[in-house]
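Shown next, in structure tokens, is the structure this report addresses.
The values are calculated or read from the model by the stated rules, or taken from the named source; none is laboratory data. Note that this is a predicted model, so its numbers are computed, not measured. Here Cβ is always computed from backbone atoms with ideal geometry, including for glycine, and neighbour counts include all displayed protein chains. Note: accessible area is taken over every heavy atom of the protein model, side chains too, but ligands, DNA and RNA are not part of it. Shrake-Rupley method; radii C 1.70, N 1.55, O 1.52, S 1.80 Å.
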Amino acid sequence: MATAATEAAQRTVALVGLPNSGKSTLFNALTGLRQRTANYPGVTIEPFLGALEQDGVRVTLVDLPGIYSLSPKTEDERLAVSFLQGELPKAPKADRILVVVDGTQLERGLVLISWIALLQRPTALVVTMIDELKARGGVLDAEGLEHRLGIPVFTVVGRRGIGVEEVRRSLLSWEPWGIPLLSLPPGAPPEERYRWATELAAHVLRFPEPDHRSERIDRIVLHPVSGLLVFGLVMLLFFQTIFTVAQPAMDAIEAAIGWLQHALEAWLPAGVGRNFLTHGILGGVGSVVVFLPQIVLLYVVLTVLEDSGYLARAAFLVDRLLGAFGLQGRAFLPILGGFACAIPAILSTRVIPSRQERLATMLIIPLMTCSARLPIYTLLVAATVPAVYIGGIFSLQALVMMGLYALGAVTGLGVAWILRHTVLRGAKTPFVVEFPPYRLPTWRNVVGRAWSSGREFLRTAGTIILALSIVLWALTELPPVAIPPGTPPLEAQRLQLEGSLAGQLGRLIQPLFAPLGFDWKTTIALLGSFAAREVFVSFMGQLYAIDVEAAESTLREVLAQTFPLPVALSVLVFYVYALQCISTMAVLRRESGSWGWVGLAFAYTFALAYGLSFLAFHITRWLVE
């Protein structure tokens, strides 16, 4: 026989609202850190779950993506509507629905209520931004609204916690909620719903003067000239944050992992076990954890841009440019995020409504130059490109580096155009964007989203990279090679690598890459970097019996003497295009729903990498000879 506590644990409340309504802020205020992501079979998007507990009573709150109606257009909206309609396999049915609306835009929220009423589920309404409403001279008759709708109405200021306790008390006490009362037929068209919402808002809300602050800011932000200047400044700050601010934390993580590796080498006896822990386990985990600061900062910046209201304006500004390649404005931020890391960039494509446009965006993101390519670019450019200046002003090395970035981005847009006219053909979805009012982001929402996204990144990507790193370690350690006594440690590593399965595989496959100018050593490093691109540098160090971490400049000197410029450019071009990230492929499979799209991404990027590297090698060799 079920107890009251057991029944309470099964209670589920769906949190619903329009985008930028303050829903996530309320969710964070109600649940704190008692959050996790749901894992429902058959869906690629995982909503957040939060727990409310008190005196043995537990209520699960499901934070669904923002919706405008029960007619979904994006993947996020489809998930939310399917959950509300009880169509997700093994997902709990929402016992109640808590609708969140922005008090400064009450009419739009009431339109959503008119749709939610069709579900005939106990409902309550939370009106947020009450402080902003009052600051603008608005007065809301909450009791009158409650009487007309027949459901509880709460007024809150989520970022300050005002009114949140009353909502929490109602959820935990499970007090009666009603079903919204509407003077509308079930099949009312959108026009009738807007008319009903406007009339109701006029009875319960008084606004003496409209707020024109957002309009005044938009005169600058959306201006053809000043708008592009603001956009450029914002993007500059975006890159500066992702690439520069994260670096100290990344260096600290690398140093901590290195210290732990050296500590284990000092504490444990030499052998396979120690090597497995230091290189197989810690090396694998470190290759993922080192990117955590960038992932967290990426989501911090994106959340600030979104919550402030600027994100919609930026998408509007670039919509025309992307439209020429069959994409739309919403693809801008995922493409931009790809310059930091492809994994969160692919996840952020969920905001694109058209599946064809979303897939096209996902498939070109791997061509954006992510930070994992930087060690390779820096090493080979510094070692093989002359340190000269063009016209006494522009560094040739800097121009080559910039060209590598531009090469991937321009090619990506070209690939998008081809995809949208072949396998992903279809009309461009009209880009209709609603500009939310400008407001200051709440630290709770920023920190909460960054925390959850970072944790999810480690869970999904970390396990895959760890497993592949262990496999790679085994290939380099087996079979054990007889090392003559007294052989220096680095030379012993090189001999082991040459005789291992990885070394044998490199010599076996090297003829395939010979037309690109790759010898067996470069081939081994190339194969190893398919798990993570950064492995290329450490493999090259081992192959040349050099400690890369201690004397990277020496490795550059050796490569400058032994690595011809045509081979270096061939390798660089290969890394511009090749999809060499297992975790990116795993996330792409998860978001696209098919290994077929992963196969297409891998095939076309490999074809580009091989073909253009071939041209780069032979053309450069012809020029220098």
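Observations on the structure shown:
- Entry remark, segment 122-146: residues being part of a loop (DSSP other than H, G, I, E, B) and either buried (at least 21 other Cβ atoms within 10 Å of the Cβ) or modelled with pLDDT of 95 or more (or both) number 2 in total.
- Of the residues screened, residue 305 is one that is at pLDDT 80 or above and assigned to a helix (DSSP H, G or I).
- Scope segment 592-614; condition in contact (Cβ under 8 Å) with a residue 12 or more places away in the chain, over 25 Å from the mean Cα position of the chain (by Cα) and open to solvent by 50 Å² or more (accessible area, probe 1.4 Å); matching residues: 610, 612, 614
- Here the helices (runs of 4 or more DSSP H) wholly within segment 468-571 that include at least 1 residues being modelled with pLDDT under 80, in contact with a Lys or Arg (Cβ under 9 Å, 6 or more places away or on another chain) and surrounded by 14 or more Cβ atoms within 10 Å (Cβ to Cβ) are 489-499, 535-543.
- Residue 369 fulfils the conditions (1) part of a loop (DSSP other than H, G, I, E, B); (2) hydroxyl-bearing (Ser, Thr, Tyr); (3) open to solvent by 30 Å² or more (accessible area, probe 1.4 Å) except for a single criterion, (3).
- Subset of segment 573-625 (residues that are modelled with pLDDT of 90 or more, of a type in the set (A, V, I, L, M, F, W, C) and out of contact with any helix residue (DSSP H, G or I) (no Cβ under 6 Å at 6 or more places or on another chain)): 597, 600, 602, 603, 606, 607, 615, 619, 622
- Looking only at segment 15-40, and only at residues there that are among the β-branched types (Val, Ile, Thr) and open to solvent by less than 20 Å² (accessible area, probe 1.4 Å), the one that is modelled with the highest pLDDT: 16
- Of the listed requirements (1) at pLDDT below 85; (2) part of a helix (DSSP H, G or I), residue 340 misses just one: (2).
- Residue within segment 74-84 that is among the charged types (D, E, K, R), touching a residue at least 12 places away in the same chain (Cβ under 8 Å) and outside any helix (DSSP H, G or I) present: no
- Residue in segment 346-354 that is without any contact (Cβ under 8 Å) to a residue 60 or more places away in the chain, loosely packed, with under 15 Cβ neighbours inside 10 Å and part of a helix (DSSP H, G or I) present: no
- All conditions in (1) at pLDDT 80 or above; (2) more than 29 Å from the chain's Cα centre (by Cα) hold for residue 277, with the sole exception of (1).
- Residues that are open to solvent by less than 30 Å² (accessible area, probe 1.4 Å), modelled with pLDDT under 80, out of contact with any strand residue (DSSP E or B) (no Cβ under 6 Å at 6 or more places or on another chain) and assigned to a helix (DSSP H, G or I) within segment 287-302 comprise 288, 294, 295, 298, 299, 302, listed in sequence order.
- Residue in segment 356-377 that is among the charged types (D, E, K, R), modelled with pLDDT of 80 or more, in contact with a Lys or Arg (Cβ under 8 Å, 6 or more places away or on another chain) and under 29 Å from residue 102 (Cβ atoms) present: yes
- Filter pass, residue 123 being of a type in the set (Val, Ile, Thr), in contact (Cβ under 8 Å) with a residue 40 or more places away in the chain and within 21 Å of residue 436 (Cβ to Cβ): no
- Selection count, segment 174-197, where residues are in contact (Cβ under 8 Å) with a residue 24 or more places away in the chain and of a type outside the set (A, V, I, L, M, F, W, C): 7
- Filter result for residue 7 (modelled with pLDDT under 90 and under 30 Å from residue 196 (Cβ atoms)): no
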